[in-house]
Amino acid sequence: MNRINNKLQESKKLLSIYFTAGFPTLTDTVSIIEKLEKSGVDMIEIGLPFSDPLADGPTIQASSTTALNNGMTTSVLFDQLKDIRKTVSIPLIIMGYFNPMMQYGIEEFCKKCAEIGIDGLIIPDLPVNEYNDNFKVIFEKYGLINVFLITPQTSDERIKFIDEISNGFIYMVSSASVTGSKNSFGAVQNEYFKRISAMNLKAPQIIGFGISNAATFQQATKFAKGAIIGSAFVNHLSQNGVNSIDKFVSAILKD
């Protein structure tokens, strides 16, 4: 069974952390992954930087620019991760945009992911129907889970279709905006969380965008299987470096 599915079966609420590969420095990627696992994180989303990141807010855009300037590419990332399964056992997901994957070759990209032990992909700009019609067979051939995003504006009909073709979790975007940290969620977001929870979807939901601290993590996971933190962690790396990762994670997971 895919590591993501195994993790989703655990009874605990899950913490997934996003960071941009090649940031703060080009060679930090493996060290960050190893430190996150040791700190108690359940899943890791490895951001493949792209020059035109439509869904990303200013923090992650800036980290992508830095990573690209540092020399991060798809090939460099795959080379950095070639031995990652010798030291890391939790699920690893690559989050990126479709253009670099197409340039690399979709099947070749999926094959390489399988070889190094990547469990899934999150591709915000790959339409669900396009995936289902043209790429699902390739993803399944290499045992990769494709994680779909929903937002407060996604229709119930669309959500049900996404749920039907999902074989992992659904990435539940907390609000109709780009990525970025928030200190709390308001009534509108709580109603959205409750509405999706009441749909009793077969795929578990993990909430992302706006999770930044213990309060927002706990608020989100009242209604979902887990939560994803991106911008707040990237900010922490920028300000404190890779040696303070355990402090960041322990502050999120505190009782």
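The values are calculated or read from the model by the stated rules, or taken from the named source; none is laboratory data. Because the structure is predicted, anything quoted here is derived from the model rather than measured. Neighbour counts run over all protein chains shown; Cβ positions are idealised from the backbone, glycine included. Remember, those area values only see protein heavy atoms, side chains included, never the ligands or the DNA or RNA. Shrake-Rupley method; radii C 1.70, N 1.55, O 1.52, S 1.80 Å.
Report, by residue number, each residue of region 136-151 that is buried (at least 20 other Cβ atoms within 10 Å of the Cβ) and not polar (S, T, N, Q).
Of everything in region 136-151, those that are buried (at least 20 other Cβ atoms within 10 Å of the Cβ) and not polar (S, T, N, Q) turn out to be F139, L144, I145, V147, F148, I150.
Mind listing whichever residues of region 213-231 are open to solvent by less than 20 Å² (accessible area, probe 1.4 Å) and among the basic types (K, R)?
none
Take I196 and tell me if it is closer than 18 Å to D42 by Cα, in contact with a Phe, Trp or Tyr (Cβ under 9 Å, 6 or more places away or on another chain) and open to solvent by less than 10 Å² (accessible area, probe 1.4 Å).
no
Just one of the numbered conditions (1) in a helix (DSSP H, G or I); (2) open to solvent by less than 60 Å² (accessible area, probe 1.4 Å) is not true of L121; which one?
(1)
Looking only at residues that are in a loop (DSSP other than H, G, I, E, B) and either open to solvent by 50 Å² or more (accessible area, probe 1.4 Å) or of a type in the set (A, V, I, L, M) (or both) in region 169-190, which one is modelled with the lowest pLDDT?
Residue satisfying both the conditions and the ranking: V178.
Which of the residues that make up region 1-34 are among the basic types (K, R) and either under 20 Å from L48 (Cβ atoms) or open to solvent by less than 60 Å² (accessible area, probe 1.4 Å) (or both)?
Scanning region 1-34 gives R3, K7.
Name every residue in region 71-118 that is under 18 Å from K38 (Cα atoms) and buried (at least 23 other Cβ atoms within 10 Å of the Cβ), in order of residue number.
Those that are under 18 Å from K38 (Cα atoms) and buried (at least 23 other Cβ atoms within 10 Å of the Cβ): L81, P91, L92, I93.
Among the listed residues F223, F193, identify the single one that is among the aromatic types (F, W, Y) and part of a helix (DSSP H, G or I).
Exactly one of F223, F193 is among the aromatic types (F, W, Y) and part of a helix (DSSP H, G or I), namely F193.
So how many residues does region 147-168 have that are under 15 Å from the mean Cα position of the chain (by Cα) and outside any loop (DSSP other than H, G, I, E, B)?
Final tally of qualifying residues: 3.
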